[in-house]
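The values are calculated or read from the model by the stated rules, or taken from the named source; none is laboratory data. Owing to the predicted nature of the structure, the values given are computational and were not obtained by experimental measurement. Every residue, glycine among them, receives a Cβ derived from its backbone with ideal geometry; neighbour counts consider all protein chains shown.
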Amino acid sequence: MLIHEFQPSNTLTMKPDLSVIRAFAPTGKLRASINLGNPILAGKDTSGAPTGVSVDLARALAATLGVEFELMVCNSAGKSVQVVSEERADVGFFAVDPRRGETIAFTEPYVLIEGYYLVRDASPIRCNEDVDQRAVRVAVGEGSAYDLFLTRELKHAQIVRAPTSPTVVQTFLDQGLEVAAGVKQQLEADARQAGGLRLLDKRFMVIRQAMGLPKSRGPAAADALGAFVEEAKASGLVAQSLARHEIIGASIAPAA
């Protein structure tokens, strides 16, 4: 989806030089990977067009660079990472993770999001520490931040991967699993719809949501993207976007 007009919420002062612009947009337009699997950051409006915080930031970055931008819409974090890693997209919006960092240069985070566990009302699991047991199966979105984190952290529980983050609770229900893991707000919405489910009392992780670009674009472009994110936080652009889209549950990350 090619966007020809852009109206950033705030005017940012960053003025990258021509070599940095070319590193960001070698095709002449900024191709931004948008992950619809995280409802806090992206979704669709009534017309079906992508909308959300990540779309606003992509628009503002394109305006700063003085180029058009194209949205490359993905339905999962794993696919969004893949298109940036393979340089089919120029920038993306991801949870910071060391495995993803092998191919992607991350900025500091712009928002922080909480990850929670969901269980059935009758489940004997009462706290996060109860999850890592041999008899427990945990549903996660394949390639999501939760998948990567829990793959490293869980020593005994079995991870069951749903195709995308929005299908985690359905996978959990269909397969009779013991736990679902994901974005707190998505789990709460699914629990209200399904009934008979509850979230555990405490988060199991904080997701540091950042922007990123292929490492092959070089340190100057990575530094420029980092500066853009810091200015977007300081200028109020991120706060305004969260408010405009009525996002609850994401906090603005502190300055780097």
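How many residues does segment 180-193 contain that are more than 14 Å from Ala145 (Cα to Cα) and either touching a Ser or Thr at 6+ places or on another chain (Cβ under 8 Å) or in the same structural domain as Ile247 (by TED's automatic domain parsing) (or both)? Residues meeting the conditions: 1.
If you go through segment 189-212 and keep only what is closer than 18 Å to Val140 by Cβ and acidic (Asp, Glu), you end up with just Asp190.
The residue that is farthest from Gly37 (Cα to Cα), among those in segment 209-229 that are in contact with a Phe, Trp or Tyr (Cβ under 9 Å, 6 or more places away or on another chain) and of a type outside the set (Gly, Ala, Ser), is Arg217. In segment 165-201, of all residues being surrounded by fewer than 18 Cβ atoms within 10 Å (Cβ to Cβ) and of a type in the set (A, V, I, L, M, F, W, C), the one that is modelled with the lowest pLDDT corresponds to Ala189. With respect to the conditions (1) at pLDDT below 80; (2) closer than 22 Å to Ser235 by Cα, Leu2 falls short on a single one, namely (2).
Find the strands (runs of 3 or more DSSP E) located wholly in segment 87-173 whose residues include 1 or more that are farther than 30 Å from Pro26 by Cα, and list them. First the steps, then the outcome.
Numbers: elements: 91-95, 104-106, 111-120, 137-141, 158-162.
Fully inside segment 87-173 and qualifying: 111-120, 137-141, 158-162.
Filter segment 206-256 for residues that are closer than 18 Å to Thr51 by Cα and assigned to a strand (DSSP E or B); which is farthest from the chain's Cα centre (by Cα)? The extreme case among them is Ala250.
What about Asp97, is it under 18 Å from the mean Cα position of the chain (by Cα), more than 21 Å from Ala253 (Cβ to Cβ) and among the acidic types (Asp, Glu)?
no
Just checking, how many residues over segment 112-131 are of a type in the set (S, T, N, Q) and over 27 Å from the mean Cα position of the chain (by Cα)? Even if it seems obvious, please write down each step before you answer.
Going residue by residue through segment 112-131, those that are of a type in the set (S, T, N, Q) are 123, 128.
From the residues that got through so far, the ones that are over 27 Å from the mean Cα position of the chain (by Cα) too are 123.
Looking only at that region, the number is 1.
Taking segment 58-89 only, how many residues are within 16 Å of the chain's Cα centre (by Cα) and either surrounded by fewer than 24 Cβ atoms within 10 Å (Cβ to Cβ) or modelled with pLDDT of 95 or more (or both)? Final tally of qualifying residues: 14.
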